[in-house]
Amino acid sequence: MNTYRVGIIGCGSIAGVHANGYRAVRNAQIEFVAGADINPKGAGAQRMSAEYGIRLYEDYHEMLGKERLDVVSICTWPRTHCEATLAAAAHGVKGIVCEKPMAVSLAEADQMIEACEKSGTTLVVGHVHRFAPHAVKARELVRQGEIGKLTLIWGHCALDLMNNGTHVVDLINFLNDDAEPVWVMGQIDRHRRLEGRGNHPDMVMEDMAIGRVGYANGVVGLIELGERADQAFAFKLVGTDGIIEINRPDGPKLKVLSGFRQRGWHAPDLPSIHSNFHSEIEELIETLEGRATHRGKAQNGRRALEIIMGIFESSQRRAALDFPITAQDFVLERMIREGTI
Ligand SMILES: NC(=O)c1ccc[n+]([C@@H]2O[C@H](COP(=O)([O-])OP(=O)(O)OC[C@H]3O[C@@H](n4cnc5c(N)ncnc54)[C@H](O)[C@@H]3O)[C@@H](O)[C@H]2O)c1
């Protein structure tokens with residue numbers, strides 16, 4: 001079994017979940033050696049140091065220079081994701097789990113992909129819902145033809161496109177077998193003019209968003225997000241012969257209505273140590289060892305970002321747009337600067 005030296009950049013809330021994920025890995029020996037945070041005296045960094053005995057750094061460049069890391073998790077706020085990925089790739093790290101959103105622009109995402117290709121680094125983006133048992137089961141049922149031909153996937157959650165919305169966009173892509181998006185139309189509302197919230201203190205954000213995406217396989221994705229959403233992460237897959245619902249607030253986590261039958265499906269009991277993050281990390285090890293292709297690969301992270309930028313840009317232009325989306329900047333930020341939202 002191979003050994004991997006692991007470090008985490010950004011030691012806040014989600015870093016703790018990554019750390020637990022590494023601890024549970026079964027397909028490799030993990031040496032969790034270091035963490036970097038601009039606030040090393042903060043509760044998160046101190047907790048990780050106490051629990052895992054890791055060395056703490058204030059500057060991740062110093063950590064990367066000293067620790068000869070094989071795998072790095074990037075768990076900072078979004079605007080650092082690109083720069084930290086480039087730095088880790090430059091230090092020859094073999095694998096990176098970069099938290100969502102991948103970056104704040106397609107230009108950044110492309111730089112990250114290019115740098116990792118050059119250094120031979122496997123870059124994955126933390127769209128961890130791809131590992132949720134109910135989502136995996138729903139995709140399997142669609143593939144088996146349980147609801148006939150898939151026509152529409154509706155996805156819904158609270159918060160904004162660049163925060164939890166990126167999970168919704170990415171999961172629609174996953175449920176649709178990662179088909180190519182062909183066109184997008186979107187609208188956003190930003191009446192609260194928020195600049196920074198919770199774990200995205202460095203971001204501007206909208207209050208509500210709607211996106212409609214047409215895919216090459218004829219499926220339409222419908223994204224509804226934001227302030228007036230009343231549930232987290234609900235999905236509905238509509239086919240010619242049935243419907244699958246994921247995370248209904250008042251029923252089983254996965255409900256199938258097809259062939260005049262209704263049934264629920266419950267994930268088998270998993271060991272308490274298990275989490276989607278743990279699966280995400282184990283699949284990274286499998287990918288590094290040539291036994292798998294990671295479902296959260298960087299190109300999939302970029303695709304979710306491209307759809308999000310397309311929704312912003314479509315809202316700005318009041319028109320549907322064809323792919324590829326050409327905007328290279330953080331479109332929402334430009335809209336605010338130019339006074340179009
Ligand atoms: N995959 C998921 O389901 C999931 C869940 C929660 C958060 N996230 C994502 O993870 C990221 C972090 O979220 P969080 O909830 O952990 O936020 P957080 O505020 O709890 O932690 C972020 C940490 O990063 C540190 N940091 C910021 N800039 C840094 C830099 N340049 N160098 C080193 N450290 C730096 C901060 O000091 C802080 O400790 C966000 O992008 C968020 O969207 C993903």
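Below is a table of values for the structure above.
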| read-out | value |
| --- | --- |
| Accessible-area value, Asp177, 1.4 Å probe, nucleic acids and ligands omitted, Å² | 80 |
| Solvent accessible area, Å² - Trp154, 1.4 Å probe, full protein context | 60 |
| DSSP bridge pairs, the chain: antiparallel proportion in percent, nearest 5 | 60 |
| Computed lengthening from Arg68 to Ile336, 0.36 nm per intervening residue step minus Cα-Cα distance | 92.3 nm |
| In degrees, nearest ten, helix 276-288 long axis to first principal axis of the chain (Cα) | 70 |
| Directionally averaged projected area (convex hull, Cα atoms, region 182-327), nm² | 12.6 |
| Residues of region 176-194 with amide N under 16 Å of the 7 Å Cα→Cβ point at Trp77 | 194 |
| Gyration tensor over alpha-carbon atoms, region 113-204, equivalent ellipsoid semi-axes in Å | 27, 21, 14 |
| Selection from Val220, Asn199, Thr340 lying farthest towards where the dipole of the chain points positive, charges on Cβ | Val220 |
| Linear extension gain, Asp250 paired with Thr3, 0.36 nm per residue minus alpha-carbon span | 84.5 nm |
| Compactness relative to 2.2 N^0.38 Å, alpha carbon Rg of region 19-124 | 1.05 |
| Acute angle (nearest 10 degrees) that the helix 166-175 long axis makes with the longest principal axis of the chain, alpha-carbon atoms | 60 |
| Pairwise label distance in nanometres, His266 with Ala50, each label 7 Å out on the Cα-Cβ vector | 3.7 |
| Orientation-averaged projected area, Cα convex hull of region 296-341 (nm²) | 3.3 |
| Cα pair distances in region 170-213, grouped into 10 Å bins until the bin that holds the longest one, percent each | 23, 35, 33, 9 |
| Most mobile listed residue (Leu152, Leu225, Leu257) in the chain, GNM with C-alpha springs under 10 Å | Leu257 |
| Convex hull volume per residue in cubic angstrom - Cα atoms of the chain | 138 |
| Region 183-259 - Rg and Dmax from Cα coordinates, angstrom | 15.8, 49 |
| Share of carbon and sulfur in the accessible heavy-atom surface of the chain [1.4 Å probe, %] | 50 |
| Residue pairs, from the table Lys41/Lys66; Lys66/Lys297; Lys66/Lys100; Lys255/Lys297; Lys236/Lys297, whose Cα atoms sit over 32 Å apart | none |
| Distance histogram for region 242-341 (every C-alpha pair counted, 10 angstrom bins, percent rounded to whole numbers) | 12, 22, 23, 30, 12, 0 |
| Exposure rank, largest accessible area first [His18, His266; 1.4 Å] | His266, His18 |
| 222 nm mean residue ellipticity, helices alone, for the chain (DSSP H n ≥ 4; -39,500 (n - 2.57); rounded to 500) | -10000 deg cm²/dmol |
| Given charges at beta-carbon only (K, R positive; D, E negative), |dipole| of region 80-139 in Debye | 440 |
| Between helix 81-90 and the chain: long-axis angle, C-alpha atoms, 0 to 90°, nearest 10 | 50 |
| In region 97-171, trypsin sites (Lys or Arg not before Pro) in a DSSP loop with at most 13 other beta-carbon atoms within 10 Å | Lys149 |
| Accessible solvent surface per residue of the chain, calculated while the other protein chains remain in place, 1.4 angstrom probe, Å² | 43 |
| Approximate spin-label separation Gln328-His61, in nm, with each point projected 7 Å along Cα-to-Cβ | 2.4 |
| Label-point separation in nm, Arg143 to Leu222, each point 7 Å along Cα→Cβ | 2.7 |
| Dipole moment magnitude, nearest 20 debye, the chain about Cα centre, only Lys, Arg, Asp, Glu C-beta charged | 680 |
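The values are calculated or read from the model by the stated rules, or taken from the named source; none is laboratory data. Only a predicted model underlies this, so the values are computations on that prediction, with no experimental measurement involved. Quick reminder, even Gly has a Cβ in these numbers, built from the backbone with ideal geometry, and neighbours come from all protein chains shown. For the accessible areas, the whole protein counts, side chains as well, though only heavy atoms, and no ligand, DNA or RNA atoms are used. Shrake-Rupley method; radii C 1.70, N 1.55, O 1.52, S 1.80 Å.
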